Amino acid sequence: MKLQQLRYLTAIVRNNLNISSAAESLYTSQPGISKQLRLLEEELGVELFNRNGKHLTDITPIGRQIIARAEKILHEVNNIQILAEEYRDDRRGSLSIATTHTQARYALPPVIRTFRERYPAVTLQVHQGSPAQIAELVQSGSVDFAIATESLELFEDLIMMPCYIWYRCILVPCGHPLVNLEYLTLHDIVQYPLVTYVFGFTGKSQLDEAFRNAQLKPMVAFTATDADIIKTYVRLGMGVGIVARMAYDPVHDKDLVQLDASYLFAANITKIGFRRGTFLRCYMYDFMELFAPHLTRERVRLMERSQTPEEVEKLFDKVTLPVF
């Protein structure tokens with residue numbers, strides 16, 4: 001059994017049992033992966049996948065158990081490599097983050113600027129995606145950190161730590177009738193088409209819940225994953241925008257009016273997390289503290305030892321999170 005065979009095996013799973021896609025992701029050939037998979041199955045004496053001709057159709061029960069152990073082995077191999085890198089040079093390496101557009105565009109730039117000044121020899125990558133894609137990237141070991149707000153049930157296998165609280169705002173063009181209202185309500189907003197986030201991004205399910213609780217059914221005219229695109233279509237008069245408050249820039253968005261919606265929709269908590277058992281390098285601890293100052297190295301290390309959600313909550317009982 002070779003480590004390369006285990007890498008091929010987990011790549012096949014990540015690519016929905018498509019060997020050609022797995023080969024592409026690993027920059028190798030499809031016949032090479034097929035051959036190594038066959039050799040691995042012959043050595044183990046079991047079939048890891050069900051087949052229909054040359055196509056893999058499903059993972060066998062024993063295959064699921066073996067794949068789970070293969071992922072743990074590869075995770076530990078990665079930790080060994082990181083440990084050696086840390087010993088050789090604790091200021092050189094790589095850091096990859098998976099997050100949504102809102103975090104990448106509005107929350108991360110000042111953090112990344114400071115981090116790059118402090119660690120110029122660390123290669124930094126930011127991947128944008130949906131919560132499901134973010135969770136998969138971290139769980140597969142493709143990235144180091146996940147930063148997310150919505151669908152946190154997808155991150156149950158990760159150590160997720162609260163960073164800050166954020167609220168939404170309403171965006172309308174100058175001169176819009178909503179600007180003249182002294183006290184904005186959901187009933188006022190629902191009179192107009194909405195332009196907001198795609199379901200599953202930045203807490204849209206909580207948005208739906210607010211209207212549902214008020215027994216209102218808004219008309220959603222346009223959705224996007226990118227707050228800048230939402231603002232573009234608000235400018236075109238397609239509807240009332242609902243975005244994260246941090247996405248409003250008083251300088252670049254001076255043609256739009258921001259209306260407070262913090263009392264209309266529930267607050268959101270953005271969290272940062274990593275896979276349990278990950279070896280964190282010094283600069284990784286520093287990045288988390290730059291992003292959320294209360295995430296000191298000592299607190300994160302306590303989080304690494306925590307076993308239940310209750311233990312995690314207790315560690316943050318007396319922490320006042322910043323609000324955006």
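What to note about this one:
- Summed side-chain charge close to Leu158 - residues other than Leu158 whose Cβ falls under 13 Å, Lys, Arg +1, Asp, Glu -1: -3
- Summary value for the chain: 19 percent relative contact order, contacts being C-alpha pairs under 8 angstrom separated by 6+ residues.
- Counting Lys and Arg as +1 and Asp and Glu as -1 over every other residue whose Cβ lies under 13 Å from the Cβ of Leu44, the net charge comes to -1.
- 12 Å beta-carbon shell around Arg297, net charge (K/R +1, D/E -1): -1
- Annotation: amide H-H contacts under 5 Å for Tyr119 (H modelled 1.01 Å from N, sequence separation of 5 or more, or interchain): none.
- Average accessible area per residue (Å²) across the chain - probe 1.4 Å, nucleic acids and ligands excluded: 52 Å²
- Peptides ranked, highest mean first, by Cβ atoms within 10 Å: ranges 103-116, 24-37: 103-116, 24-37
- Square roots of 5 times each gyration tensor eigenvalue, C-alpha, region 158-307, largest first, Å: 36, 17, 13
- By the Cα gyration tensor, the chain has an equivalent ellipsoid whose semi-axes, rounded to whole angstrom, run 41, 25, 18 from largest to smallest.
- Charged-residue dipole, Cβ positions (Lys, Arg, Asp, Glu), the chain about Cα centre, Debye nearest 20: 540 debye
- Tensor-based shape of region 91-150 (alpha-carbon gyration tensor, a/c under 1.5 rounded, otherwise prolate or oblate): oblate
- For region 270-284, Karplus couplings with θ = phi - 60° (6.51, -1.76, 1.60), whole Hz, Gly/Pro x: 7, 10, 10, x, 8, 5, 4, x, 6, 7, 8, 7, 4, 5, 6
- Dimensionless Rg ratio for region 234-316, taking C-alpha atoms and the 2.2 N^0.38 Å reference: 1.58
- Proximity of backbone amide H atoms, modeled 1.01 Å from N, is registered between Leu194 and Met219, Val220, Ala221, Phe222, Val240 at under 5 Å, excluding neighbours fewer than 5 places apart on the same chain.
- For peptides 313-319, 90-96, sequence by mean Cβ density within 10 Å, most packed first: 90-96, 313-319
- Estimated vicinal HN-Hα couplings, Hz - region 105-116 in sequence order (Karplus 6.51, -1.76, 1.60; Gly, Pro = x): 7, 10, 8, 7, x, x, 5, 5, 4, 5, 4, 5
- Top of Arg305, Arg38, Arg245 by mean-square fluctuation, Gaussian network on the chain, Cα under 10 Å: Arg38
- Rounded to 10°, Cα long-axis angle of helix 30-44 versus longest principal axis of the chain: 60 degrees
- Region 1-147, relative contact order [Cα under 8 Å, separation at least 6], %: 19 percent
- Within the chain, percent of DSSP bridges classed antiparallel, to nearest 5: 60 percent
- The chain, accessible surface, carbon-and-sulfur percent (1.4 angstrom probe): 51 percent
- Taking the DSSP bridge list for region 130-272 and keeping only pairs wholly inside it, about 75 percent are antiparallel.
- The chain: angle of helix 61-88 to the longest principal axis, Cα-based, in degrees nearest 10: 80 degrees
- Degrees separating the helix 3-14 axis from the principal Cα axis of the chain, which is the longest one: 40 degrees
- For region 51-128, a/c is not less than 1.5, where a ≥ b ≥ c are the root eigenvalues of the C-alpha gyration tensor, and a/b does not top b/c. That puts it in the oblate class.
- Candidate lysines - alpha carbon under 30 Å from Lys318, same-chain residues fewer than 8 apart omitted: Lys204, Lys271
- With contacts taken as Cα pairs under 8 Å at a separation of at least 6 residues, region 86-210 carries a relative contact order of 27 percent.
The values are calculated or read from the model by the stated rules, or taken from the named source; none is laboratory data. Keep in mind that this is a model prediction, so the values were computed, not measured. Reconstructed Cβ throughout: ideal geometry from the backbone, glycine too, with neighbour counts over all protein chains shown. Calculation scope for accessible area: heavy atoms of the full protein, side chains included, ligands and nucleic acids excluded. Shrake-Rupley method; radii C 1.70, N 1.55, O 1.52, S 1.80 Å.
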